[in-house]
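A.B. asks: Take this structure first; my questions come after.
The values are calculated or read from the model by the stated rules, or taken from the named source; none is laboratory data. Bear in mind the structure is a predicted one, so any value in this text is a computation, not a measurement. FYI the Cβ positions are ideal-geometry reconstructions off the backbone, even for glycines, and counts take in every protein chain you see.
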Amino acid sequence: KGYSQPSTGVGKNPQNIFFQIKIKNSYSVFTGYLMNERGAVEMSRKSPFASWLCAMLHCFGSYILAALLLGEAPLGYFSNNSSVILATAVWYLIFFCPMNLFYKCVSFLPVKLVFVAMKEVVRVRKIAAGVHHAHHLYHHGWFVMMATGWVKGSGVALMSNFEQLLRGVWKPETNEILHMSFPTKASLYGTVLFTLQQTHWLPISEANLIFFFTMFMIVCKVFMTATHSHASPFAPLENLVCPVLFGSASSGHPGHHHDHHGASHEVSHPPPPPPAKSKEELNEGTRKRKAKKAE
Amino acid sequence: KGYSQPSTGVGKNPQNIFFQIKIKNSYSVFTGYLMNERGAVEMSRKSPFASWLCAMLHCFGSYILAALLLGEAPLGYFSNNSSVILATAVWYLIFFCPMNLFYKCVSFLPVKLVFVAMKEVVRVRKIAAGVHHAHHLYHHGWFVMMATGWVKGSGVALMSNFEQLLRGVWKPETNEILHMSFPTKASLYGTVLFTLQQTHWLPISEANLIFFFTMFMIVCKVFMTATHSHASPFAPLENLVCPVLFGSASSGHPGHHHDHHGASHEVSHPPPPPPAKSKEELNEGTRKRKAKKAE
Amino acid sequence: KGYSQPSTGVGKNPQNIFFQIKIKNSYSVFTGYLMNERGAVEMSRKSPFASWLCAMLHCFGSYILAALLLGEAPLGYFSNNSSVILATAVWYLIFFCPMNLFYKCVSFLPVKLVFVAMKEVVRVRKIAAGVHHAHHLYHHGWFVMMATGWVKGSGVALMSNFEQLLRGVWKPETNEILHMSFPTKASLYGTVLFTLQQTHWLPISEANLIFFFTMFMIVCKVFMTATHSHASPFAPLENLVCPVLFGSASSGHPGHHHDHHGASHEVSHPPPPPPAKSKEELNEGTRKRKAKKAE
């Protein structure tokens, strides 16, 4: 898959990377719309331009966010006409292919798992590239490096509220930072690792870090997709560390005891599914409820 | 009106263009507030600063958005003190002129039609300038050129949700991309034409394209304003092309039939007026309903 | 406190300024969270990362907004690792100190008043620095200078809607521009004064202006904090000037008389507390109501 080669700077195999980048765009559209299929179909008929724009956000959201954070042109990546045209072609095939052939092909589980795995390859490379790019601009800006790597890895998920607003949906009670899904949380941990590696605090070569982190992400995501499991692989570690660092969720300051019930009204009530559930489970549940309703 | 001269780069008549730019600012305030008059009057009394800021967004929204997309300073255009002062003076006269004389003058239909026509002249020139500017930065970035021209032509309409948020109104179920008004849609088609012309795919000189597109926009807008008609001139062409390209709005994928009713809940329900209606009709209807309520 | 020295460009006492900058970060977290304590405690337990990000917005919001307006990297200030680490340490101590010792110390009224006073010192210096920075980029851009100084002085308050969105709260009916709190309004007046001084329209040296404006801000804020008063010190002057410039809030245009009641539905209804009340009063009232509810 190409990850075994060092990815410092421009890759040594331009052909291989060019091909991967092109496939990556397609994957983003695939996975993004595999989550949003029902509503997205209707929107593609009523407002095809808005549907296309959503697809572009899913494909290029990471580049847009990274450019926004670093003060560069958010549209800069759109100057790659071939990437945009490929993403447009994939969007069109997903939504308007006769007899929905294309979508059925990519939803077929073995094919979907291959795409899921390749998306994780690309995600990890984007995190590494983001950390590199920020390091180039801010040699000692650790937090800038971590932020850039994080938004490169998470992509459109971090602007989910506004991507939904584009579709006319507004759910302010939750967001990807308040209730992190697995890819966003994994990107956060990954960007910390890559920043530590970049600043030589982590004694591991970049190629090895990319390899091991990619393997971890592929195994987790393929397992979660294949079994529809929602157990976060980080849960055991977090359940050890977080109560120590941050206290348990039920305890508050003794002096605020009276106001605790009131306080819960100040902060948003998380939506009924507990935060550990991924967005895919939310959509899964929504799909099942709709199927039951319609029957 | 000056559009017959080539507008490549800096115009040959700096005086003429300077005068037009100044008038343009005024028009934007006029037309923006002719849409929002009732609520805007009250806001100008209670929160004059917020009212002024809205006026600035209406006048300079296109420059702000284009700068945001290209990674430039959003406030860059505000360094033209004379433009800002003129826009401020027009805002003040509209809202605080004794006996409301100024507003009555500019709302008088023949005067209003002149302003509407001149606004379209300026809109088309801004689209051309936006495509030029993006071409200068990204010689082959077709999508960047189209996006920049589009936001220059559409202006504040594309950030209508956030302009409303500034006024304390929040209507997430619709936005200018999901349900395009006529000026936004015309700017989109216009920017595609201008980008094709800039990249030599469309064999027409820029001056001629500006002339013909401006004439088209003037005729459409003056007719629509004078007759309060809401028929989109693009409807015949779209009704031919869109069902072929995008399928009809009622048909979905056969395998999603059960979920269609459910799907409609995923995507936002458009507001009661059908998308073809312009914002002006919405306000027109709102004004009439309020007049009836008050009587 | 160091404000008596000229603050043009880099201060003459780098040690003093370095120390002040570090303390400033702490103050921002203090004052920000002293307003939001109840809900913030619960969020720090459930979503510590979101809580930390909120703290960073409170500390560095002014730098983020100023960079956004001037087309620079919003994350640029985060390259100062020591500032971010200090702010993180203060955040951690506020929320996770055993027996809540740290918070109790800084909430002790005499200590709180010292912090409030020092925050005003830093606010005025940030307004002056913002006007300077914009002057450097746009020598005659008066409005750019005023805008930059204003966002530097107001900080996170101007993006309160989105800071609340990060916490899962959405209150679109009000915002800091529609209903200005005292610090935001004072920053607005201050930035106008500093811009007039910078462009030599106000015949006063910068050091004197900083001194007098800081004294004014300290006296007002300390008095308002100590007495829980909500009377705006600008009210007398505004009640003289605004009816002359902008008319009274109850009068409208005679020709719109019928539609006035309808118009109030167009513009957002301000929340029950009148605009003159500061955000602190809103929270004060909220705290009291919750305390009563819980008893």
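A.B. asks: Criterion first (among the acidic types (D, E), farther than 20 Å from C:K46 by Cβ and in contact (Cβ under 8 Å) with a residue 12 or more places away in the chain) does A:E173 satisfy it?
C.D. replies: Judged against the criteria, A:E173 is not a match.
A.B. asks: Within region C:138-150, is there a residue that is polar (S, T, N, Q) and under 27 Å from C:A231 (Cβ atoms)?
C.D. replies: No, the conditions are met nowhere in region C:138-150.
A.B. asks: Next question. Check region A:62-79 and report whether any residue there is buried (at least 19 other Cβ atoms within 10 Å of the Cβ), in contact (Cβ under 8 Å) with a residue 24 or more places away in the chain and either polar (S, T, N, Q) or over 30 Å from C:L65 (Cα atoms) (or both).
C.D. replies: Yes, region A:62-79 has at least one match.
A.B. asks: Okay, moving on. Could you check region A:1-84 for helices (runs of 4 or more DSSP H) lying wholly inside it with 3 or more residues that are modelled with pLDDT under 95, out of contact with any Asp or Glu (no Cβ under 7 Å at 6 or more places or on another chain) and of a type in the set (V, I, T)?
C.D. replies: The qualifying helices (runs of 4 or more DSSP H) are A:14-35.
A.B. asks: Hey, which of the helices (runs of 4 or more DSSP H) in region A:90-194, taking only ones fully inside, have at least 1 residues that are buried (at least 19 other Cβ atoms within 10 Å of the Cβ) and in contact with a Pro (Cβ under 9 Å, 6 or more places away or on another chain)?
C.D. replies: A:109-137, A:142-154, A:160-166
A.B. asks: Can you name the residue in region B:47-61 that is surrounded by fewer than 20 Cβ atoms within 10 Å (Cβ to Cβ), without any contact (Cβ under 8 Å) to a residue 60 or more places away in the chain and at the interface with chain C (Cβ under 7 Å from one of its Cβ atoms) and, of all such residues, is farthest from C:N239 (Cα to Cα)?
C.D. replies: Looking at residues that are surrounded by fewer than 20 Cβ atoms within 10 Å (Cβ to Cβ), without any contact (Cβ under 8 Å) to a residue 60 or more places away in the chain and at the interface with chain C (Cβ under 7 Å from one of its Cβ atoms), I get B:F49.
A.B. asks: Please work out which one of (1) buried (at least 17 other Cβ atoms within 10 Å of the Cβ); (2) modelled with pLDDT of 95 or more; (3) farther than 18 Å from B:H135 by Cβ is the condition B:V219 fails and give its number.
C.D. replies: Unmet for B:V219, out of (1) buried (at least 17 other Cβ atoms within 10 Å of the Cβ); (2) modelled with pLDDT of 95 or more; (3) farther than 18 Å from B:H135 by Cβ: (1).
A.B. asks: Let me ask something else about it. In this structure, is B:A87 modelled with pLDDT under 95 and not aromatic (F, W, Y)?
C.D. replies: In short, yes.
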